[in-house]
Amino acid sequence: MDLAAPPKTPVRAPGPGRIFFTGRIADRSVLSLVLDGTGEPPLRVTYEPVDTLLPTGTRVTAGAPVATLSAAPRHCPESCLHWGLRRGTEYLNPLTLVQRPRIRLLPLTRGDPPAPSRSGGAGRAEVSAPIRRTTVRTTRTAPGGEPASTGAPGSGDASRH
């Protein structure tokens with residue numbers, strides 16, 4: 001996942017853990033974190049391109065600055081941070097680490113004014129279908145259907161997906 005941000009933007013740990021890898025992969029500076037208490041194999045977060053602030057093996061707390069966004073060449077048209085998440089060889093959606101607000105539709109009561117329609121007149125808000133929860137999972141595969149990897153130890157999670 002790519003997040004637009006200007007160079008030098010602080011990059012923080014999403015949770016407590018340990019810096020698993022810092023180094024260059026495919027000519028980009030990469031940082032990977034293994035998150036504590038996330039099962040076996042543990043969740044691993046990657047950021048690129050970044051200028052790392054701490055060495056491999058450093059323990060970090062949630063919210064601790066671990067890097068800044070590099071001004072190095074990138075794959076986005078504008079400056080961006082690539083944010084990845086893996087469990088073992090499986091790529092996951094990093095948004096699962098972000099607490100999302102609960103959104104509810106409340107019924108229209110007699111005292112509520114009608115909602116304006118697009119044409120500017122009065123209208124009513126209606127729900128025509130039940131809302132259901134969905135899970136997004138992204139998986140990147142190499143030719144032949146095998147999970148993709150860069151081959152560098154601890155660095156396969158730095159690939160874009």
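Laboratory data are not the source of any read-out in this text; all were calculated from the coordinates shown. Everything numeric here is computed off the predicted structure, so don't read it as measured data. Counting neighbours? That spans all protein chains shown, and the Cβs are built from the backbone with ideal geometry, glycine included.
In table form, for the structure just shown:
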| quantity | calculated |
| --- | --- |
| Nearest-0.05 FRET efficiency for THR56 and ARG100, computed from C-beta distance (R0 35 Å) | 0.65 |
| Burial ranking of peptide ranges 54-67, 7-20 (average Cβ count within 10 Å, highest at the top) | 7-20, 54-67 |
| Segment 14-84: mean projected area of Cα convex hull, nm² | 4.7 |
